[in-house]
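S.K.: What follows is a single structure, and I will ask about it in a moment.
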Amino acid sequence: MTAATLHNIIVTLNEKLLHTQKAKSKIKEETYNEYKENSMNYLQLLSRYYPIEIYTRDTSIIYIPKVLSGITFFVANKLYENPNLNMEDLFEHFLSKINWAQKNMDFREIGLQYNERTKKYNVTNGVRGIKMIYQYLNVRYEEVLVK
């Protein structure tokens, strides 16, 4: 993960908005500790439920920066919408059930580019790719709630 991706995740998680070049971050001295705690918790859960040794970019899309941003945007908004929701519960009972494999054709159905030659998804289309992942997770979340 690059420093830029980490910064975008921190801003998205704590400010509930997609960080773009035009966005101004609110990371200040008075918000630093809260941002740090939320971000460390998120990254620890991410590494616990998706160990990088298993979830490589060759086999999974989860560590593609735009996918991470989409997941982060989803988590931030769900926690904001549901103050009683716990981030770990969201990872354990929902996000960990998503099939993030490069072979999962659900992602093709939502419009992510798939390279037939490499058999991998290409998620480099900026905010559009982030929103596709975010919307996909929202639809799946609603399906889980209905069951």
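Taken together, the values in this text are just the output of simple stated rules run on the coordinates, not laboratory data. Worth saying up front: this structure is predicted, and the values here are computed from it rather than measured. We place every Cβ from the backbone using ideal geometry, glycine too, and count neighbours over all the protein chains shown.
S.K.: Report the full-extension gain for the segment residue 17 to residue 104: residue separation times 0.36 nm, less the Cα-Cα distance, to one decimal in nm. Show your work: numbers first, answer last.
M.R.: On the way: separation 87, 0.36 × 87 = 31.32 nm, distance 2.73 nm.
Result: 28.6 nm gained on full extension.
S.K.: Counting other Cβ atoms within 10 Å of each Cβ, which GluC sites (Glu not before Pro) in segment 1-94 have at most 12 and sit in a DSSP loop?
M.R.: Values: sites: 15, 29, 30, 34, 37, 53, 81, 88, 92; in loops: 29, 30, 53.
The qualifying sites are 29, 30, 53.
S.K.: Right, another one. With charges only on Cβ, +1 for K and R and -1 for D and E, what is the dipole size of the chain about its Cα centre, in debye, rounded to 20? Before the final figure, lay out the partial values.
M.R.: On the way: 20 positive and 16 negative charges, 129 e Å.
Using Cβ point charges on Lys, Arg, Asp and Glu, the chain gives about 620 debye.
S.K.: Once you place label points 7 Å from the Cα toward the Cβ at residue 85 and residue 122, how far apart are they in nm?
M.R.: 3.3 nm
S.K.: With labels modelled as points extended 7 Å from the Cα through the Cβ direction, what inter-label distance (nm, one decimal) is found for residue 77 paired with residue 143?
M.R.: Each label point is offset 7 Å from its Cα along the Cβ direction, giving 1.7 nm.
S.K.: Right, next: With the chain treated as a Gaussian network of Cα nodes joined by springs under 10 Å, which of 65, 51, 83 yields the largest mean-square fluctuation?
M.R.: 83
S.K.: So which of 78/120; 103/131; 97/131; 28/97; 36/120; 97/119 end up more than 27 Å apart, counting from Cα to Cα? Provide the component values of the computation, followed by the final result.
M.R.: On the way: 78/120 29 Å; 103/131 20 Å; 97/131 20 Å; 28/97 35 Å; 36/120 33 Å; 97/119 22 Å.
The pairs that break the limit, which is 27 Å between Cα atoms, are 78/120; 28/97; 36/120.
S.K.: Another question about this same structure. Once the piece of chain linking residue 2 and residue 135 is laid out straight, how much longer is it, given 0.36 nm per residue of separation minus the C-alpha distance between them? Walk me through the intermediate numbers first.
M.R.: Working: separation 133, 0.36 × 133 = 47.88 nm, distance 2.44 nm.
Here the segment from residue 2 to residue 135 would lengthen by 45.4 nm.
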